[in-house]
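Colleague: Sharing a structure, written as structure tokens. Questions coming.
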Amino acid sequence: MPGKRVVFLGPPGAGKGTQAKQVVAKLGLLHLSTGDLLRDEVARKTELGEKAKGVMDRGELVPDALIIDMIRGRLSGARNGFLLDGFPRTVAQAEALAGITDLDAVVNISLPRDEVVRRLTARRVCRGCGAIYNLTFNLAAEESKCRACGGELYQRDDDRPAVIENRYDVYEKSTAPLIAFYSRRSLLHSVDGRLGSDAVLAEILRILGA
Ligand code: ADP
Ligand code: ADP
Ligand code: ZN
């Protein structure tokens, strides 16, 4: 049986990356995080990275055409299914995606604005392996190294209060309309992102029939 084709939807900080890592490990899907791909382009100072950096630092969206080009080729190689994390983020991206592939499920992880701000100001990420931590629930203040790989933990440039607020506004305006878009296509499943991460994972696996 071919692998599942899944999209994670939700505001910044809802837990998409945290859950995606566990779900792809369990189901053998290809994990495509457009945020991670873009940060890699920025770090390598590619042409795309140079175009994306300023936009990302302000918490705005990178233009649709650049994102669609970045994702198209990678999707065609995903024969055992995929999990899209952070894409699509606009109706135009969702329409382009529909022209590339069918989907089996869209999982919408919800989280209210105040909790988004709380979580993202406390987020720390490993520069080596991308592991995601949080100072309020699984990282002590004095810890500076990743438990998985020993890499340096850092705070993302866009995880600052003013940028976080703007990212949430951008989410509400440009991305939240995708809830209705996928609901009309009978693909939408919703999960309460306020739950503990084990409960969120169990709910996602139930939705995916795993
Ligand atoms: P988070 O995990 O906090 O939601 P991401 O890592 O997904 O953030 O995205 C970081 C930034 O990268 C976004 O604020 C945006 O500038 C850019 N980005 C990521 N995915 C997309 C996309 N699908 N369309 C446009 N911009 C994107
Ligand atoms: P997203 O990819 O949606 O932006 P992340 O997976 O990066 O979200 O999670 C955002 C922050 O919230 C991280 O610091 C992460 O450790 C933390 N986090 C993720 N899931 C939960 C949860 N269920 N409860 C509390 N904190 C969480
Ligand atoms: Zn690491």
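Colleague: Show me 26-35, 201-210 ranked by packing, highest mean number of other Cβ atoms within 10 Å first.
Modeller: 26-35, 201-210
Colleague: For the stretch 62-126, which whole-number percentage of the solvent-accessible area (1.4 Å probe, protein heavy atoms only) is attributable to carbon and sulfur atoms? Walk me through the numbers before you get to the answer.
Modeller: On the way: 1260 of 2700 Å².
Within the stretch 62-126, the accessible surface is 47 percent carbon and sulfur.
Colleague: Moving on. First check a/c for the stretch 145-210, with a ≥ b ≥ c the square roots of the eigenvalues of its C-alpha gyration tensor; if it is under 1.5, answer rounded, and if not, answer prolate when a/b is larger than b/c or oblate otherwise.
Modeller: oblate
Colleague: Let me ask something else about it. Starting from the Cα of ARG118, move 7 Å in the Cα-to-Cβ direction to define the label point; list residues of the stretch 161-199 whose amide nitrogen is under 20 Å from there.
Modeller: 161-169, 191-199
Colleague: Loop-only GluC sites (Glu not before Pro) in the stretch 64-143, please: DSSP not H, G, I, E or B, and at most 12 other Cβ atoms within 10 Å.
Modeller: Taking the stretch 64-143 and a limit of 12 other Cβ atoms within 10 Å, the loop GluC sites (Glu not before Pro) found are GLU142.
Colleague: Kirkwood hydrodynamic radius, computed over distinct alpha-carbon pairs, for the stretch 1-51: how many Å, to one decimal?
Modeller: Taking every pair of different Cα atoms in the stretch 1-51, averaging 1/r and inverting gives 12.6 Å.
Colleague: Under DSSP H, which helices of the chain have Cα atoms covering 27 Å or more of the helix axis and a Kyte-Doolittle average no less than 0.5?
Modeller: Helices passing the filter in the chain: none found.
Colleague: Whole angstrom only: what separates the Cα centroid of the stretch 27-104 from the Cα centroid of the stretch 105-168?
Modeller: What the calculation gives is 20 Å, centre to centre.
Colleague: Going from most exposed to least, what order do CYS146, CYS129 have by accessible area with a 1.4 Å probe?
Modeller: CYS129, CYS146
Colleague: When the solvent-accessible surface of protein heavy atoms is calculated with a 1.4 angstrom probe, in what order do LEU83, LEU66 fall, highest first? The partial results should precede the final answer.
Modeller: Details: LEU83 0, LEU66 50 Å².
Greatest to least solvent exposure: LEU66, LEU83.
Colleague: Let me ask something additional. Just check the chain against the gyration tensor rule for me: Cα atoms, a ≥ b ≥ c as the square roots of the eigenvalues, rounded for a/c under 1.5, and otherwise prolate or oblate depending on whether a/b exceeds b/c.
Modeller: Here the chain falls in the rounded category.
Colleague: Please calculate how many Å² of accessible area the chain carries per residue, with a 1.4 Å probe and no DNA, RNA or ligand atoms counted.
Modeller: Accessible surface, normalised per residue, equals 50 Å².
Colleague: Tell me the mean residue ellipticity at 222 nm calculated for the chain from its helices only (DSSP H runs of n ≥ 4, each -39500 (n - 2.57), averaged over every residue, nearest 500).
Modeller: -13500 deg cm²/dmol
Colleague: Another question about this same structure. Given axes a ≥ b ≥ c from the Cα gyration tensor, I'd like to know whether the stretch 1-120 is rounded (a/c under 1.5), prolate (a/b larger than b/c) or oblate. Let's see the in-between values first.
Modeller: On the way: a/c = 1.60, a/b = 1.13, b/c = 1.41.
It comes out oblate by the Cα gyration axes.
The values are calculated or read from the model by the stated rules, or taken from the named source; none is laboratory data. Values in this document were obtained by computation on a predicted structure and should not be read as measured data. Positions of Cβ are backbone-derived with ideal geometry, glycine not excepted, and every protein chain shown enters the neighbour counts. Quick note on the areas: whole protein, heavy atoms, side chains included, nothing else; ligands and nucleic acids left out. Shrake-Rupley method; radii C 1.70, N 1.55, O 1.52, S 1.80 Å.
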